[in-house]
1. How about the range 208-219: which of its residues are modelled with pLDDT under 95 and either loosely packed, with under 13 Cβ neighbours inside 10 Å or of a type in the set (D, E, K, R) (or both)?
2. Got a sec? Which of Asp112, Asp95 is crowded, with 17+ Cβ neighbours inside 10 Å and assigned to a helix (DSSP H, G or I)?
3. What residue, among those in the range 35-64 that are over 25 Å from Ile129 (Cβ atoms) and of a type in the set (Asp, Glu), is nearest to the chain's Cα centre (by Cα)?
4. Residue by residue through the range 32-63, note down the ones that are at positive phi and acidic (Asp, Glu).
5. Conditions first: (1) free of Cβ contacts under 8 Å to residues at least 24 places away in the same chain; (2) touching a Pro at 6+ places or on another chain (Cβ under 8 Å). Ala143 passes all but one, so which condition is the exception?
6. Kindly list, by first and then second residue, each pair from a residue in the range 168-191 that is in contact (Cβ under 8 Å) with a residue 40 or more places away in the chain and crowded, with 21+ Cβ neighbours inside 10 Å to a residue that is basic (Lys, Arg) and in a loop (DSSP other than H, G, I, E, B), limited to pairs with Cβ atoms under 8 Å and residues at least 6 apart or on different chains.
7. Take Glu163 and decide whether it is within 22 Å of Leu121 (Cβ to Cβ) and acidic (Asp, Glu).
Amino acid sequence: MSLTYVIPDIHGRFDLLSEALHGVHAHAAGNGGTLVMLGDYVDKGPDSSKVIARLRRGMPDGWTFVPLKGNHDAMMVTAWRDPAEMTRWLEHGGDAVLESYGSDPFVIPEADIAWLEALPLMHIDAHRIYVHAGLDPGVGLDAQPEITLLWKRYPQGEAAGFEGRHIVHGHNSFAEGPEMYQGRTNLDTRAWRTGRLVTGVFDDAYPGGPVDFIVVHGSTQGTSTS
């Protein structure tokens, strides 16, 4: 059986990421697989620099590792390259990133910025499309604008997939999630704040939603509106 594991928005919670990776390896029981990360590795939580360092190391042999880009990752890159965008980023949780690197944006390594900047926006397999935020059903797959892939919010209850494929996404945080519909699965449980991170497990041989979940728990954090 070939499985794809999908970890949603981490937002600087290195503790939850570490536990989720342990859970993935335990679930795989020595077999390889595919690990898709849905983006938003930075902002809000306390350890963005450690999260990036861990993800840049990738996965062991036998694994396909697909870290996607989230809107917060894109904002961090934009702010680092254009100081005029720094205030906006800081207001959306970037202040926690600076603290994790030592409070100075100029100590963030260029290599970390380049890694975030180069991340792909979606991953497609036989039955599913993995993306940070979502897809526009009226636009072809190859023509989806970046702003949609990174920022889309699905209407509550929207169940459609995309051209016969199931959509797997994060971004639209729902603490009681995951949210599962016929055509899409939203895995974002606002883990940075709730301390509850849910990894979806998908069987590569069959269409549709997850066949299992790996749930890890950690401490709760303060509140934020972004």
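1. The initial filter retains those residues of the range 208-219 that are modelled with pLDDT under 95, namely 218-219.
Result: Ser219, single match.
2. Asp112
3. My answer is Asp47.
4. Scanning the range 32-63 gives Asp40, Asp43.
5. (2)
6. His171/Lys152; His171/Arg153; Ala191/Arg13
7. yes
Matching residues to (1) out of contact with any helix residue (DSSP H, G or I) (no Cβ under 6 Å at 6 or more places or on another chain); (2) closer than 24 Å to His166 by Cα; (3) at pLDDT 95 or above; (4) β-branched (Val, Ile, Thr):
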position: Leu3; (1), (2), (3), (4): yes, yes, yes, no
position: Asp15; (1), (2), (3), (4): yes, no, yes, no
position: His22; (1), (2), (3), (4): yes, no, yes, no
position: Ala29; (1), (2), (3), (4): yes, no, yes, no
position: Gly33; (1), (2), (3), (4): yes, yes, yes, no
position: Leu68; (1), (2), (3), (4): yes, yes, yes, no
position: Asp82; (1), (2), (3), (4): yes, no, no, no
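The values are calculated or read from the model by the stated rules, or taken from the named source; none is laboratory data. Computed from a predicted model, the values in this text were never measured in an experiment. As a convention, Cβ positions derive from the backbone with ideal geometry for all residues, glycine included, and neighbour counts pool all protein chains shown.
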